[in-house]
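Here the structure comes first, spelled out in structure tokens, and everything after it is commentary.
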Amino acid sequence: MPQDRPAEHPSVDRLDRQLGFLVEVEKLKSVYRATPLADLSRPENSAEHSWTLALYALVLSDQAVPGVDVNRAIRMLLLHDIVEIDVGDVPIHSQNGTAHDSAATQAAEAAAADRIFSLLPRDLAEDLHATWAEFEANETPTAQYAKSLDRVQPVLLNHAGGGGSWIDYNVTLAQLDERVGAKVARGLPEVWARVRAAVLPWFQAHGRASAQAAEKSKTI
């Protein structure tokens, strides 16, 4: 949270700020992601993505490594994409995957976090902003658990939908391993091994699994 944040206006009380924030984040329901729903009826929106991930954190808690605070992970996942109200969804497979983690994207998301969390009373703003920042830094076991869930959910959606955004972005198995698998395996190694084995036949059937990438499945 920036140190030079202006003082709160005395005419705006705590509840007004809380309600204002809650109305603002409703906008996340209108932010659509690259990944379609499993039935391919429409793209997933960022609000339902966040809710789904909170449920993932609860259901897969027995897969968490030691040191993970599952309740804090749920908080992270409810907050992690709020910045997309200003920035929109930046698909991980777009532009060869570079735009998603680019300095420009990170700067835009940091500015969005400053704006959106500043709508809250100062104590809540600092608490929730810090939770969001911990997720982004991806250094604590809890953040790594949450980030792993964020990465694996679209894989399961694409698999259920017969390819989904993998088709749109011409994704190969090697790209999936590099952009997604490495992050998922960091926090959920057994989950990634199971999911990768499940999606491997799709990549092989569509000619997107090199012999080297497919061979990795034997060692995972």
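Would you mind finding the one in E48, E24 that is open to solvent by less than 30 Å² (accessible area, probe 1.4 Å), under 28 Å from I92 (Cβ atoms), among the acidic types (D, E) and at pLDDT 95 or above?
E24
Applying the selection to the range 116-128, what residues are within 20 Å of the chain's Cα centre (by Cα) and within 17 Å of L28 (Cβ to Cβ)?
I116, F117, L128
Cβ contacts < 8 Å: first residue without any contact (Cβ under 8 Å) to a residue 40 or more places away in the chain, restricted to the range 44-65; second residue open to solvent by 30 Å² or more (accessible area, probe 1.4 Å) and of a type in the set (S, T, Y), any location; separation 6+ or different chain. Result?
Going by the 8 Å Cβ cut-off, the qualifying pairs are N45/S30; N45/Y32.
I'd like the full set of residues that are over 20 Å from S61 (Cα atoms) and open to solvent by 10 Å² or more (accessible area, probe 1.4 Å), limited to the range 171-196.
T172, A174, Q175, D177, E178, R179
Quick check on the range 35-52. Is at least one of its residues aliphatic (A, V, I, L, M), closer than 22 Å to T131 by Cα and assigned to a helix (DSSP H, G or I)?
Yes, the range 35-52 contains at least one residue that is aliphatic (A, V, I, L, M), closer than 22 Å to T131 by Cα and assigned to a helix (DSSP H, G or I).
Could you check the range 56-170 for helices (runs of 4 or more DSSP H) lying wholly inside it with 2 or more residues that are open to solvent by 60 Å² or more (accessible area, probe 1.4 Å) and in contact with a Ser or Thr (Cβ under 9 Å, 6 or more places away or on another chain)?
Filter on the range 56-170 gives 70-79.
Suppose the filter is out of contact with any Leu (no Cβ under 9 Å at 6 or more places or on another chain), in a helix (DSSP H, G or I) and modelled with pLDDT of 95 or more; does E215 pass it?
Details: out of contact with any Leu (no Cβ under 9 Å at 6 or more places or on another chain): yes; in a helix (DSSP H, G or I): yes; modelled with pLDDT of 95 or more: no.
Judged against the criteria, E215 is not a match.
The values are calculated or read from the model by the stated rules, or taken from the named source; none is laboratory data. None of these values were measured; they are calculated from a predicted model. FYI the Cβ positions are ideal-geometry reconstructions off the backbone, even for glycines, and counts take in every protein chain you see. Protein only, heavy atoms only, side chains kept; ligands, DNA and RNA dropped before computing areas. Shrake-Rupley method; radii C 1.70, N 1.55, O 1.52, S 1.80 Å.
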